[in-house]
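Worksheet for the structure shown next.
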Amino acid sequence: MAAASTWQPQEEGLREICGLLEQHISPSSDKPRIWQQLQHYSQFPDFNNYLAFILAHGQGTRVEIRQAAGLLLKNNLRSAFKTMAPSYQQYIKSELLPCLGAADRHIRSTVGTIISVIVQQGRVEGWPELLQALLQCLESKDLTHMEGAMDALSKICEDIPQELDSDVPGLAERPINIFLPRLLQFFQSPHASLRKLSLGSINQFIMLMPTALLLSMDQYLQGLFILARDPAGEVCSAFIQLIEIRPSFLEQHLRNVVEYMLQANKDADDEVALEACEFCAPEAPPPPPPPLLNQNRSVFCEAQLRPDSLREFLPHLIPVLLSNMAYAEDDESLVDAEEDDSFPDRDQDLKPRFHASRFHGGENDEDDDDDIINIWNLRKCSAAALDILSNVFGDEILPTLMPLAKMATTDDASWKDREAAVLALGAIAEGCINGLYPHLPEIVSFLIPLLDDKFPLIRSITCWTLSRYSKFIVQNIGRQQGHEQFDKVLMGFLRRILDTNKRVQEAACSAFATLEEEAAEELAPRLEVILQHLMCAFGRYQKRNLRIVYDAIGTLADAVGGELDQPRYLEILMPPLISKWQQLSNSDKDLFPLLECFTSIAQFLDETKTIGGAYNIANESSLALGPGFSQFAGPVFQRCIELIQAQQLAKVDPLSAGVQYDKEFIVCSLDLLSGLAEGLGGGIESLVLFFL
C-alpha cells in the first residue's frame with residue numbers, strides 16, 4: 001500500500017475492502033471469515049485511511065457500506081489512534097470535516113461519532129481546525145451543515161463535556177464559552193432537530209455547571225419554558241437535573257415545573273413519562289416501602305423540596321398515576337405471565353443467590369427481591385409514587401383515588417384496569433391505613449374472590465395486595481367475620497401456591513410467608529393442611545420458585561416453633577426434604593436454600609418449652625428437638641461436617657476435593673450446625689463425639 005506523504009488509495013485495495021465490507025453487512029455471509037480478512041487488512045498502516053476514504057468519497061457506493069467503513073474506523077481509532085503516524089491522523093481528520101455537511105444524515109451521524117472518538121483520544125488542542133469548522137457550520141444558513149455540526153458537537157458534549165470546559169492553548173477562552181451563546185440561540189430555531197440537539201448538548205453541562213452556563217442561567221431557563229412545547233424528553237431531563245443539582249434555580253418556577261411534569265407523566269414516550277413520574281414523587285417520612293416498591297426514586301426527596309408543593313395537584317396527579325399503573329401492551333410481564341409450570345425455567349430467571357447468615361450476618365443482607373416486579377418501568381414507578389404519596393398525604397388522597405379504583409373494578413372495566421386498581425389498593429395499604437380501616441372488611445371481601453380470577457396477573461397481584469393487609473386480617477381473627485376472612489385468605493393463598501402459573505406461584509408463596517409472620521401460633525391448628533400444600537408445591541415447583549417454598553417452610557418454622565415438632569407433621573415435612581438433600585451433590589448451590597430451611601426447622605423446634613410444653617427440655621436436653629426430628633439430627637450433622645471438610649480441602653487442592661472452593665457452603669453449614677446446637681442443647685455433645 002502507498003506511503004503516507006502523498007497518500008492516495010490504490011484501486012485494487014479499495015475494491016477489495018469495499019467488497020469485504022459489503023459481505024460483512026450481508027446477513028447470509030460467513031462473518032467470522034470476513035472479519036478475519038478485515039483483521040488481516042488492518043495490519044497495513046494505511047488501512048484506516050482506506051476506511052476514511054470510503055466513508056467520505058463513496059459516492060455511488062451504498063450508504064450501508066460507507067457506514068460500515070465509518071463504524072469500523074471508529075472502533076479502530078479507539079485503540080490505535082495514538083500510535084498512528086501523524087500524517088495518517090491528519091489525513092483522516094481532513095476527510096472527516098467536509099463530511100459534516102454530507103447529504104445523507106446517516107453519514108453525518110457516523111462522522112460525528114468518529115469526531116468525538118478522535119477528540120477523546122487527542123483532545124481539542126490536538127485538532128485546532130475542528131472548532132473553527134464546527135463554528136462555521138453552525139453559523140452557516142445551510143441546515144445540512146448546521147445539523148452535521150450540531151450532531152458532532154452533541155456527541156462531544158455527551159462523551160467528554162469536561163474537554164469543552166478546559167483551557168485550550170491558542171484559544172482566548174474555553175470552548176464552552178464560545179459555543180454556549182450559539183446553542184442558546186438554537187432554542188428558538190424553526191428546526192426541531194437543532195432545538196433538540198442544542199438543548200441536549202447544554203444539558204450535559206448541568207452536572208459540571210461551568211461559569212458560562214451559570215451566568216446564562218436566566219436565559220437558559222427562559223429557553224426551557226419556550227421549548228416546553230416541544231417533545232418532552234430533553235426538557236424533562238433538564239428540569240430533573242436542575243432540581244437534583246441546583247434546586248434553588250427552580251424554586252420560583254416550581255409551580256410551572258410541576259404542571260409541566262404532570263403533563264409529561266402522560267407522554268406517549270414511556271421513558272419521558274417515567275422520568276416525570278420519578279420527579280413527582282415527594283419524600284416519604286415512614287420507613288422504606290416493601291420489596292414490590294423498593295426501587296422508587298424521588299427527585300423531591302433528593303432535592304429536599306416541600307411536599308406541600310404537590311398538594312394542589314393531587315386531584316390531577318393521582319388519576320394519571322392510576323392510568324400509568326395499567327400494564328402496557330409491550331410489557332414483557334404479559335408474555336412471562338402466560339408461562340405455566342410446564343415451561344422450564346430459563347437461565348436468566350435464576351439470579352445468583354447469596355446466603356445471609358441468621359447468626360453471623362452476611363455480605364448480602366438485602367432481599368433478593370425475586371418478587372412480582374423485577375424490572376423498573378412506568379407501571380412500577382407509578383405504583384411506587386402512589387405509595388409515597390399515601391405516606392406523605394395519608395388519607396387526603398382517598399377521596400380522589402377510591403372512586404377511580406371502584407370504577408376500575410366494575411364488570412365493564414378491562415382486566416388491566418382491574419389489575420391496576422388492585423395494585424393501587426396494595427400501594428396505599430400503609431400510608432392510608434387510618435382512612436381505610438373502617439372499610440377493610442369490605443376491601444378484603446372484595447379481594448378474596450380475585451384470588452380465583454381467570455387472569456393470572458390479577459391472581460398474582462391480589463396475593464400481594466392481600467399480604468399488605470395481613471396485620472389487619474390476623475388482628476381481626478377474634479371476630480366471627482374476621483375468623484372466616486382469615487380462613488378464606490389462608491386457603492386462597494394455599495390454592496394459589498398450587499396454581500399452574502409460575503408467576504402466581506411466586507406471588508402466593510411470598511404472600512403466604514408474609515401472612516405466616518403475622519399469624520404465628522394462629523397457624524398451629526391448620527398446620528397439617530398447610531404442610532400438605534407446601535410439600536405438594538415442593539414436589540412440582542421448578543428451581544426458581546422452589547427457593548421460595550424453602551423460605552415459606554423456614555418462615556413457618558419460625559412462626560409456629562415447637563408446634564411443628566410432632567411426628568404427624570414431620571412425617572409430611574421431612575421425607576421430601578431429606579430426599580432432596582440426598583439428591584444434591586456437595587457442590588450443588590441448590591443446597592443453600594435447603595440448608596437455610598433446615599436451620600429454621602432445627603433452631604426453632606426447641607420452642608416446645610414455650611409452645612405446648614410437650615417436652616421438659618431443662619431435664620432432657622437431648623430430646624429438645626423432640627422425637628420427630630431427632631432421627632434426622634445425626635445425618636444432617638454429618639453432612640454439614642462433610643461439606644465443611646470438602647471446602648477446606650478445595651481451598652488448597654480443588655482437584656483432590658472434586659469441587660471448587662466456595663465459602664458459602666461453609667457459612668451455610670455452620671449456620672445449620674448452630675441451629676442444631678441451639679435445638680439439641682447439651683445433646684449436641686453426643687453427635688460431636690460420634691462424628692468427630
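Criterion first (of a type in the set (A, V, I, L, M), surrounded by 15 or more Cβ atoms within 10 Å (Cβ to Cβ) and in contact with a Phe, Trp or Tyr (Cβ under 8 Å, 6 or more places away or on another chain)) does residue 242 satisfy it? So residue 242 passes the test.
Would you check if there is a residue in the range 579-591 being modelled with pLDDT under 90, part of a helix (DSSP H, G or I), under 26 Å from residue 671 (Cα atoms) and open to solvent by less than 20 Å² (accessible area, probe 1.4 Å)? Checked against the condition, which is being modelled with pLDDT under 90, part of a helix (DSSP H, G or I), under 26 Å from residue 671 (Cα atoms) and open to solvent by less than 20 Å² (accessible area, probe 1.4 Å), the range 579-591 yields at least one hit. Out of curiosity, is residue 564 closer than 19 Å to residue 678 by Cβ, open to solvent by less than 10 Å² (accessible area, probe 1.4 Å) and modelled with pLDDT of 90 or more? The answer is no for residue 564.
So which helices (runs of 4 or more DSSP H) stay within the range 156-212 end to end and still have 2 or more residues that are over 19 Å from residue 119 (Cβ atoms), open to solvent by 10 Å² or more (accessible area, probe 1.4 Å) and of a type outside the set (Phe, Trp, Tyr)? Write out each step before concluding.
Numbers: elements: 161-164, 175-185, 192-203.
It comes to 175-185, 192-203.
A search for C-beta distances below 9 Å between a residue of the range 139-158 that is within 21 Å of residue 207 (Cα to Cα) and any residue that is outside any helix (DSSP H, G or I) and open to solvent by less than 20 Å² (accessible area, probe 1.4 Å), counting only pairs 6+ apart in sequence or on different chains, returns 157/205. If the condition is being open to solvent by 10 Å² or more (accessible area, probe 1.4 Å) and β-branched (Val, Ile, Thr), then the range 462-489 contributes 474, 477.
Only one of the numbered conditions (1) without any contact (Cβ under 8 Å) to a residue 60 or more places away in the chain; (2) in a helix (DSSP H, G or I) is not met by residue 243, and that is (1). Give the range 59-89 a look and list any residue that's within 14 Å of residue 20 (Cβ to Cβ) and among the small types (Gly, Ala, Ser), or say none. Across the range 59-89, the qualifying residues are 68, 69.
Checking each residue of the range 221-231 against the condition of being assigned to a helix (DSSP H, G or I), aliphatic (A, V, I, L, M) and surrounded by fewer than 17 Cβ atoms within 10 Å (Cβ to Cβ) gives at least one match. Counting residues in the range 490-510 that are charged (D, E, K, R), open to solvent by 40 Å² or more (accessible area, probe 1.4 Å) and in a helix (DSSP H, G or I) gives one or more. Test residue 544 against the stated conditions and say whether it is surrounded by fewer than 23 Cβ atoms within 10 Å (Cβ to Cβ), under 29 Å from residue 589 (Cβ atoms) and not acidic (Asp, Glu). Considered against the rule, which asks whether it is surrounded by fewer than 23 Cβ atoms within 10 Å (Cβ to Cβ), under 29 Å from residue 589 (Cβ atoms) and not acidic (Asp, Glu), residue 544 comes out as yes. Which residues, counting only those in the range 151-163, are at pLDDT 95 or above and closer than 16 Å to residue 129 by Cα? 152, 153, 156 - these are the residues of the range 151-163 that are at pLDDT 95 or above and closer than 16 Å to residue 129 by Cα.
I'd like to verify a number: residues in the range 317-329 that are open to solvent by 40 Å² or more (accessible area, probe 1.4 Å) and in contact with a Ser or Thr (Cβ under 9 Å, 6 or more places away or on another chain), how many? Step through it out loud before you land on a result.
If we filter the range 317-329 for residues that are open to solvent by 40 Å² or more (accessible area, probe 1.4 Å), which is where we start, we get 319, 323, 329.
Those still in the list that are in contact with a Ser or Thr (Cβ under 9 Å, 6 or more places away or on another chain) too: 319, 323.
The total comes to 2.
For the range 435-461, taking the residues that are within 21 Å of residue 321 (Cβ to Cβ) and either touching a residue at least 60 places away in the same chain (Cβ under 8 Å) or touching a Gly at 6+ places or on another chain (Cβ under 8 Å) (or both), the one that is most open to solvent (accessible area, probe 1.4 Å) is identified as 435.
Could you list, ordered by first residue, the pairs with Cβ atoms under 7 Å in which the first is in the range 583-608 and over 15 Å from residue 640 (Cα atoms) and aromatic (Phe, Trp, Tyr) and the second is at pLDDT 75 or above and open to solvent by less than 20 Å² (accessible area, probe 1.4 Å), at least 6 apart or interchain? Within 7 Å, the pairs are 604/557; 604/561.
Just one of (1) over 28 Å from residue 487 (Cα atoms); (2) open to solvent by 10 Å² or more (accessible area, probe 1.4 Å); (3) of a type outside the set (Phe, Trp, Tyr) fails for residue 533. It is (1). Among the residues of the range 395-428, those that are open to solvent by less than 10 Å² (accessible area, probe 1.4 Å) and either assigned to a helix (DSSP H, G or I) or at pLDDT below 95 (or both) comprise 397, 401, 405, 419, 420, 421, 422, 423, 424, 426, 427. Against the test of being touching a Gly at 6+ places or on another chain (Cβ under 7 Å) and basic (Lys, Arg), the options 66, 78 yield a single qualifying residue, 66. The criterion of at least 3 residues that are surrounded by fewer than 18 Cβ atoms within 10 Å (Cβ to Cβ) and among the acidic types (Asp, Glu) is met by the following helices (runs of 4 or more DSSP H) wholly inside the range 4-113: 11-24.
The values are calculated or read from the model by the stated rules, or taken from the named source; none is laboratory data. Because the structure is a prediction, the values reported are computed rather than measured. Backbone-built Cβ (ideal geometry, glycine too); neighbour counts: all protein chains shown. When the accessible area is computed, the model is the full protein with side chains, heavy atoms only, and any ligands, DNA or RNA have been set aside. Shrake-Rupley method; radii C 1.70, N 1.55, O 1.52, S 1.80 Å.
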